[in-house]
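Have a look at the structure below, then the notes.
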Amino acid sequence: MNWEDARYFLTVARAGQLGKAAEQLGISVMTLSRHLNQLQRRVGATLLTRHSKGMQLTDEGSRLVDYLERAEAEIEASGSIFERKGMSVSGTVRVAAPEGFALKVLTPQLGRLFDWHPDVVVEIVPQTPGFSLSRREADIAVMVGRPEESRLQFESLGTYGLGLYASDEYCQRYGVPSSIDALGEHRLIGYVEDLLFSARLNLARTVWNDWQSNLAIYSPIGQVEAVRSGLGIGVLHEFLLKDLPPLVAVLPELRLSREFFLVFHPTTERIPRIQAVLELLRGLRGSLC
């Protein structure tokens, strides 16, 4: 198989659109289409079909992607054969992670990674609605809950707690709700719902299905600051409250717990730069407590 054709096919499979894939490859759409047609003639099967939003893999195309990704990973991993023992690895690793984990848990530990491997570049990106690790929108992801994409490998990074909190100033001015239904009489702080990566991240509605936010903030760190400022009651990640002045726990019996999972492509785990970041992330287990 012509590896150039195979590489172009993988790019289209991940991008989902010819135009986007051609831009990533630095070639024209016409050139890319020609390579795809050559590959499909060579294998004697239709690998991609057009649909309203772009290109979709056929069953044969999905099977070929699995083979080619393993080949791609082996090619990248083979570079480690020529590295001297202890030699620094290099390259870019993109990590998709929730903001709270990225800023409060991962970022403070990146200095160790850069000390070990100064030529590694880390890109930290958000998980926006429609994000897919299978389409290679990132190399590694940290997700709340198990991934829904079956082709991915995952392992637990640990659980963390959440609870309803308010500032002492807010409680003195407006009182503390004595029941869940009494929340309707208070100012509430929550997420901008249409910006959530997944509906299961809408923690406020998990606590109370009738939750209506008076202040909606896309950022969990922003919600902590809003609660600390006395603007209302919010469902806060407790690991974000470390080293901050204490807040008032509201209805503590409604405390929640969630689990972070480390998610990655099984075909890329042996690539040295990705392996280095995975080792750092695995070392963060227990840091949420």
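The values are calculated or read from the model by the stated rules, or taken from the named source; none is laboratory data. Note that the structure is a prediction, hence the values are computed from the model and not measured. Cβ placement follows ideal geometry from the backbone for every residue including glycine, while neighbour counts extend to all protein chains displayed.
Could you grab me the full set of residues in the range 268-282 that are surrounded by 21 or more Cβ atoms within 10 Å (Cβ to Cβ) and outside any helix (DSSP H, G or I)?
Scanning the range 268-282 gives Thr268, Ile271.
So that you can scan it fast, the table gives a plain yes or no per residue for (1) within 26 Å of the chain's Cα centre (by Cα); (2) modelled with pLDDT under 80; (3) of a type outside the set (Val, Ile, Thr):
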{"position": "Val43", "(1), (2), (3)": "no, no, no"}
{"position": "Arg50", "(1), (2), (3)": "no, no, yes"}
{"position": "Gly79", "(1), (2), (3)": "no, yes, yes"}
{"position": "Gly86", "(1), (2), (3)": "no, yes, yes"}
{"position": "Arg94", "(1), (2), (3)": "yes, no, yes"}
{"position": "Ala102", "(1), (2), (3)": "yes, no, yes"}
{"position": "Val105", "(1), (2), (3)": "yes, no, no"}
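For the structure I just gave you, tell me whether Ser213 is polar (S, T, N, Q), modelled with pLDDT of 90 or more, touching a Leu at 6+ places or on another chain (Cβ under 7 Å) and over 21 Å from Arg282 (Cα atoms).
The answer is yes for Ser213.
Where residues in the range 98-141 are among the hydroxyl-bearing types (Ser, Thr, Tyr) and outside any helix (DSSP H, G or I), which of them is surrounded by the most Cβ atoms within 10 Å (Cβ to Cβ)?
Ser132
Are any of the residues in the range 142-155 touching a Gly at 6+ places or on another chain (Cβ under 7 Å) and either surrounded by 12 or more Cβ atoms within 10 Å (Cβ to Cβ) or outside the structural domain of Leu281 (by TED's automatic domain parsing) (or both)?
No: the range 142-155 contains no residue that is touching a Gly at 6+ places or on another chain (Cβ under 7 Å) and either surrounded by 12 or more Cβ atoms within 10 Å (Cβ to Cβ) or outside the structural domain of Leu281 (by TED's automatic domain parsing) (or both).
Taking only the range 223-241 into account, find how many residues are out of contact with any Pro (no Cβ under 8 Å at 6 or more places or on another chain) and touching a residue at least 24 places away in the same chain (Cβ under 8 Å).
Counting residues in the range 223-241 that are out of contact with any Pro (no Cβ under 8 Å at 6 or more places or on another chain) and touching a residue at least 24 places away in the same chain (Cβ under 8 Å) gives 12.
Look through the range 1-38, keep the residues that are hydroxyl-bearing (Ser, Thr, Tyr) and in contact (Cβ under 8 Å) with a residue 12 or more places away in the chain, and return whichever of them is farthest from Lys53 (Cα to Cα).
Looking at the filtered set, the residue picked out is Tyr8.
Evaluate the following for Ala226: is it modelled with pLDDT of 95 or more and either among the aliphatic types (A, V, I, L, M) or in contact with a His (Cβ under 8 Å, 6 or more places away or on another chain) (or both)?
yes
Given the conditions (1) part of a strand (DSSP E or B); (2) loosely packed, with under 13 Cβ neighbours inside 10 Å, which single one is not true for Met55?
(2)
Looking at Arg205 and the list (1) within 19 Å of Leu236 (Cα to Cα); (2) exposed (fewer than 13 other Cβ atoms within 10 Å of the Cβ); (3) free of Cβ contacts under 8 Å to residues at least 24 places away in the same chain, which single condition is not satisfied?
All conditions pass for Arg205, except number (2).
Write out, first by first residue and then by second, each pair whose Cβ atoms fall under 6 Å of each other, whose residues are 6+ apart or on separate chains, and whose first residue, in the range 55-67, is closer than 15 Å to Leu39 by Cα while the second is part of a helix (DSSP H, G or I).
These pairs meet every condition: Leu57/Ala13; Val65/Ala13.
Of all residues in the range 242-265, which are within 22 Å of Met143 (Cβ to Cβ) and surrounded by 14 or more Cβ atoms within 10 Å (Cβ to Cβ)?
Across the range 242-265, the qualifying residues are Arg255, Leu256, Arg258, Glu259, Phe260, Phe261, Leu262, Val263, Phe264, His265.
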